[in-house]
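Notes for the one structure printed next.
The values are calculated or read from the model by the stated rules, or taken from the named source; none is laboratory data. These numbers were taken from a predicted model, which means no experiment stands behind them. Note: ideal-geometry Cβ built from the backbone for every residue, glycine included; neighbour counts use all protein chains shown. Just so you know, the surface numbers come from the protein's heavy atoms only, side chains and all, with ligands and any DNA or RNA stripped out. Shrake-Rupley method; radii C 1.70, N 1.55, O 1.52, S 1.80 Å.
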Amino acid sequence: MKEWFKYEFGYINIDDHCIYLTNSGNWSETRDMSEKSKKTDAKADSKKSSVLIFFIAVSALFCYLIFRNLEIGRMSITLILLVTIGSYSIYNYLKSDIGSKFKIPLDKIALIEVNNDTFVIHFTDGESKDSTYKVSKIEKKGEKIIAELIEKINNK
């Protein structure tokens, strides 16, 4: 088994041994990946903070442009559309960088709960603590793959 699919903040790669949460879906990204731990959580939080600061800075620039044009009295629909589309495009481009990046060995998964295009994984993390991770907005392809994975885990 070697499958992958997209979710809200990146990609899920699955092989016979682990589930990998990645940013690109590229299998080479999974080679040196570690299990979920305080270290991976801290790394993810730092990355999210950096992306958020960048997004706030860009949004502030867009707001400045709009207010500056309002002051001058030259507000145009084009500028409003450009700012709206630009903000949305930047968010879509950066949202894969917000996602977590770690692996979950299949033998450490206790339960996978599925609800439409969302699933929650209950597992033992790299520090031997019970942990959960919610994955949202998975592709239709992913729903089928997760159903197969649940069957595989239940048959062990």
(Q) Consider segment 105-150. How many of its residues are among the β-branched types (V, I, T) and without any contact (Cβ under 8 Å) to a residue 60 or more places away in the chain? (A) 8
Q: Collect the residues in segment 1-49 that are under 18 Å from T132 (Cβ atoms), at pLDDT below 85 and surrounded by 15 or more Cβ atoms within 10 Å (Cβ to Cβ), keeping them in residue-number order.
A: S37, T40, A44
Q | Subset of segment 56-86 [of a type in the set (S, T, Y) and over 32 Å from the mean Cα position of the chain (by Cα)] | A | S76
Q | For S24: the one exception among (1) in contact (Cβ under 8 Å) with a residue 24 or more places away in the chain; (2) of a type outside the set (D, E, K, R); (3) not in a loop (DSSP other than H, G, I, E, B) | A | (3)
Q. Exactly one of (1) buried (at least 16 other Cβ atoms within 10 Å of the Cβ); (2) assigned to a helix (DSSP H, G or I); (3) touching a Lys or Arg at 6+ places or on another chain (Cβ under 8 Å) is unmet by V83. Its number?
A. (3)
Q) Got a sec? Which of A110, A44 is out of contact with any strand residue (DSSP E or B) (no Cβ under 7 Å at 6 or more places or on another chain) and of a type in the set (A, V, I, L, M)? A) A44
Q: Output the residues belonging to segment 104-147 that are open to solvent by 30 Å² or more (accessible area, probe 1.4 Å) and more than 20 Å from G10 (Cα to Cα).
A: D107, K108, A110, L111, T124, G126, E127, S128, K129, D130
